[in-house]
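J.: Below is one structure. I have some questions about it.
Rule-based calculations on the coordinates, nothing more; no lab input. Note that this is a predicted model, so its numbers are computed, not measured. All Cβ positions, glycine included, derive from the backbone under ideal geometry; neighbour counts span all protein chains shown.
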Amino acid sequence: MHKQSDTPTETNGSLSAEATWPQIERRRYQRNGDGITKPVAHPSAAPPVPSLHFSTQSLPPAEQFKAWRAYMQPIIDVQLPDNVTLEDGFIVSHTVWHLGRMLLVRQQSDAYSYARTTAQLRYSPIDHWYLGLRRSGEAWTEVDGKVIKTGYGRVAFRTLGHPYRGRCTQSEIILLYMPYSLFSSEAGLFKSVNNCILSGTLAELLASYLGQVEAHLSSLTLNDLPGIVQTIRNMIANGLEPCLRSDPEHTEHSAFGTMERVHHYIHHNLHDPQLTADKICRSVGMSRTRLYQLFEGRGGVLNYIRKQRLQAAYEKLQDPANQDRVLDIAQTAGFEVAANFTRAFTNEFGISPSKVRKSLAYFPSENTVTTTSDNKQISFENWLRNLDL
């Protein structure tokens with residue numbers, strides 16, 4: 001099996017990372033005797049674009065795919081092809097640049113299959129849109145029975161908020177992860193374009209622009225990013241128009257757009273103790289009857305809010321930097337009585353809040369992480385979870 005070794009940074013050790021962050025030095029990581037990466041500061045002028053790098057290149061072959069699977073766990077479950085074993089090894093290079101309201105990823109990997117299941121969505125608050133520009137290899141992705149194939153130069157668009165599955169050959173791909181709210185003005189458009197292939201001149205221009213952005217990442221600074229993000233956002237929205245025109249079910253977009261607005265409002269007001277059905281209706285401009293109809297399949301709007309608050313509490317308990325008392329986290333989640341919070345939390349996740357706080361490993365992860373000068377933890381998962389904050 002051909003193994004790719006072209007990585008953006010020189011690494012030493014099993015898992016490697018390079019991270020930069022605003023207002024701190026550019027850091028290069030080297031491994032000490034106990035296998036822990038530690039930062040070595042190098043002076044830097046203007047704040048560069050923050051980046052992280054993950055690679056399995058230096059791991060023993062039998063450990064490579066396990067590390068990749070743990071790394072991707074926040075988004076998808078990955079599996080080896082049927083004719084490949086762990087002992088065969090799995091080479092992947094995954095570099096992430098934080099563009100502010102987008103994450104840009106360059107990934108080179110061996111073949112694997114992937115799935116984002118309904119069960120995984122239950123535990124994951126990550127519902128971003130993402131775009132994939134394939135540089136080499138092929139992929140087949142199925143959403144609701146519809147399969148699309150992507151190859152060289154093709155641009156695919158889909159959401160992490162809906163189940164999907166697929167497989168890819170040995171590939172190189174550019175990925176963009178974008179928060180739900182970035183396209184709020186086009187909310188009604190995106191139901192039909194989930195798992196869509198962008199085509200035509202606009203798609204070609206988008207692919208070219210992404211290539212230019214990628215080529216200049218080393219020279220870009222944080223001040224450059226807002227304009228770049230806005231340009232990419234607009235190009236994607238315009239590029240999706242042909243997909244919309246070819247969709248025979250476009251008459252359903254209005255209802256979907258309403259759900260998008262409600263979803264967005266709830267997520268940005270979770271900590272409001274007065275977040276009620278009446279307040280949502282007034283803010284979004286809809287009747288209580290319509291609101292209840294939209295959430296009928298999710299156990300009701302109040303049940304949905306409760307689940308989202310419990311998920312937010314879970315994330316706080318799992319964050320090593322968060323020192324809030326469990327009682328304080330419970331109250332933020334809308335529970336005045338700690339026992340009621342513990343009962344609801346345990347019923348939702350199958351583990352008590354105290355055990356999550358104690359172990360910090362209910363969903364084990366081997367993500368390479370580092371910290372900034374203010375002790376803020378940096379990892380791919382952390383960036384994904386907080387992209388819309």
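J.: Of the peptides 66-74, 148-156, how do they stack up when ordered by the mean number of other Cβ atoms within 10 Å, highest first?
T.: Packing proxy ranking, top to bottom: 66-74, 148-156.
J.: Okay, next question. Work out how much length ILE351 to GLN79 would gain on full extension: take 0.36 nm times their residue separation and subtract the Cα-Cα distance, in nm to one decimal.
T.: 95.3 nm
J.: Let me ask something additional. Taking amide hydrogens as modeled 1.01 Å from N in the peptide plane, which residues meet the under 5 Å criterion relative to PHE90, leaving out close sequence neighbours?
T.: Under 5 Å from the amide H of PHE90 lie the amide H atoms of GLN64, PHE65, each far enough along the sequence or on another chain.
J.: Can you pull the percent of Cα pairs in the range 60-105 with separation above 13 Å?
T.: 63 percent
J.: If you take the beta carbon distance between LEU327 and GLU204 as r and set R0 to 56 Å, what does 1/(1 + (r/R0)^6) give as a FRET efficiency, to the nearest 0.05?
T.: So, using R0 = 56 Å, E works out to roughly 0.50.
J.: Just the Kirkwood number for the range 260-310, please: inverse of mean 1/r across all distinct Cα pairs, in Å, one decimal.
T.: Evaluated on the range 260-310, it is 10.8 Å.
J.: So, R0 is 22 Å and r is the distance between the beta-carbons of ALA62 and GLU138; what FRET efficiency does that work out to, to 0.05?
T.: Once the sixth-power term is evaluated, E becomes 0.20.
J.: Which order do the peptides 197-203, 158-164, 53-59, 309-315 take when ranked by the mean count of other beta-carbon atoms within 10 Å per residue, highest first?
T.: Descending mean neighbour count gives 53-59, 309-315, 158-164, 197-203.
J.: While we're here: Net charge near THR150: determine it from the other residues with C-beta under 14 Å of the C-beta of THR150, scoring Lys and Arg +1 and Asp and Glu -1.
T.: +4
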